[in-house]
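*Asks:* Below is one structure. I have some questions about it.
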Amino acid sequence: MKQKTKPIGFHNENFEAAKERLMRGNTYKDCSTAIFTPTRGMMHVKVSESHRNLIRPMNQSVAPFPIIGHEVGQAYEQMVDIVRTNDQLKKWKYVLTLEDDNIPPPDALLKLIEDINSGPWAAVGALYWTKGEGGQPMCYGKPNEMPKNFIPWLPDPNSVAECNGLGMGCTLFKMSMLQDTRFQRPMFKTVQEYVPGQGTKMFTQDLWFFSEAAKLGYRFACSTRVLVGHFDVNANGGEGFTW
């Protein structure tokens with residue numbers, strides 16, 4: 001009696017499981033990512049080590065780009081100029097903004113790539129909090145609430161929740177959005193002004209950008225699958241503390 005030949009190798013034994021794993025991990029897709037970090041020039045070793053330990057998608061183009069010595073909005077404007085004019089980078093798929101006081105888990109980029117492809121998202125941000133004991137989640141505004149707002153709120157654990165705005169400490173953007181020439185420049189700017197008849201306008205560079213991007217039809221989400229620490233180098237008597 002002729003015996004049935006058993007497939008050789010663990011992954012060959014269950015093609016469906018292997019296929020599902022590859023699809024979930026996006027290993028068959030273009031995951032090329034430019035990582036931009038605005039900085040004054042100094043990062044605590046805990047932060048720099050977490051950035052260095054970030055897992056890159058296998059067999060993909062991933063490169064870090066520090067932007068040193070600029071106001072944060074101006075630094076991100078330089079980022080836009082670079083990805084629009086560099087002949088290689090303009091073809092890449094994603095931009096990850098990773099700020100110099102944020103401590104991501106090693107799998108942050110891999111999970112954010114999964115999450116940005118899980119819905120109609122042009123950007124997905126990891127969850128981190130503003131510094132201090134009264135810290136607020138960097139997830140702003142529920143899209144279905146009227147009037148539209150940027151009130152901080154906390155999504156459910158292990159979820160990808162739509163929101164009106166995000167911080168940029170560990171946020172993945174589709175390159176195509178940053179290359180959209182419908183945006184007026186600057187795309188990132190800090191606003192603190194009083195307009196007669198309209199009242200006070202106050203925006204950090206991130207919420208200014210997301211407010212303008214929403215007008216062009218883009219949608220965003222916060223991923224609580226990726227939890228990021230916000231490092232305060234001056235806290236705890238100068239020893240530092242992660243919020």
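The values are calculated or read from the model by the stated rules, or taken from the named source; none is laboratory data. Just so we're clear, the structure is a prediction, and the values are computed from it rather than from any experiment. Neighbour counts are summed over all protein chains in view; Cβ atoms, including those assigned to glycine, are modelled from backbone coordinates with ideal geometry.
*Asks:* Please tell me if Ile82 is hydrophobic (A, V, I, L, M, F, W, C) and more than 13 Å from the chain's Cα centre (by Cα).
*Replies:* Considered against the rule, which asks whether it is hydrophobic (A, V, I, L, M, F, W, C) and more than 13 Å from the chain's Cα centre (by Cα), Ile82 comes out as yes.
*Asks:* Which numbered condition in (1) in contact (Cβ under 8 Å) with a residue 24 or more places away in the chain; (2) part of a loop (DSSP other than H, G, I, E, B); (3) not basic (Lys, Arg) is the only one that Pro147 fails?
*Replies:* So the condition that Pro147 fails would be (1).
*Asks:* Under the condition of being closer than 19 Å to Glu99 by Cβ and aliphatic (A, V, I, L, M), which residue from the range 56-67 is farthest from the chain's Cα centre (by Cα)?
*Replies:* Ile67
Every residue, every condition in (1) assigned to a loop (DSSP other than H, G, I, E, B); (2) of a type outside the set (Val, Ile, Thr); (3) modelled with pLDDT of 90 or more; (4) surrounded by fewer than 16 Cβ atoms within 10 Å (Cβ to Cβ), yes or no:
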| site | (1), (2), (3), (4) |
| --- | --- |
| Arg182 | yes, yes, yes, yes |
| Met187 | yes, yes, yes, no |
| Glu193 | no, yes, no, yes |
| Glu212 | no, yes, yes, no |
| His230 | no, yes, yes, no |
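Conditions (1) more than 19 Å from the chain's Cα centre (by Cα); (2) polar (S, T, N, Q), marked per residue:
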residue: Asn144; (1), (2): yes, yes
residue: Phe150; (1), (2): no, no
residue: Cys163; (1), (2): no, no
residue: Phe183; (1), (2): yes, no
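*Asks:* Right, next: Name every residue in the range 61-84 that is out of contact with any Phe, Trp or Tyr (no Cβ under 6 Å at 6 or more places or on another chain) and under 17 Å from Gly41 (Cβ atoms), in order of residue number.
*Replies:* Pro64, Pro66, Ile67, Ile68, Gly69, His70, Glu71, Val72, Gln74, Ala75, Gln78
*Asks:* Among the candidates Leu166, Leu154, single out the residue that is at pLDDT 95 or above and in contact with a helix residue (DSSP H, G or I) (Cβ under 9 Å, 6 or more places away or on another chain).
*Replies:* Leu166
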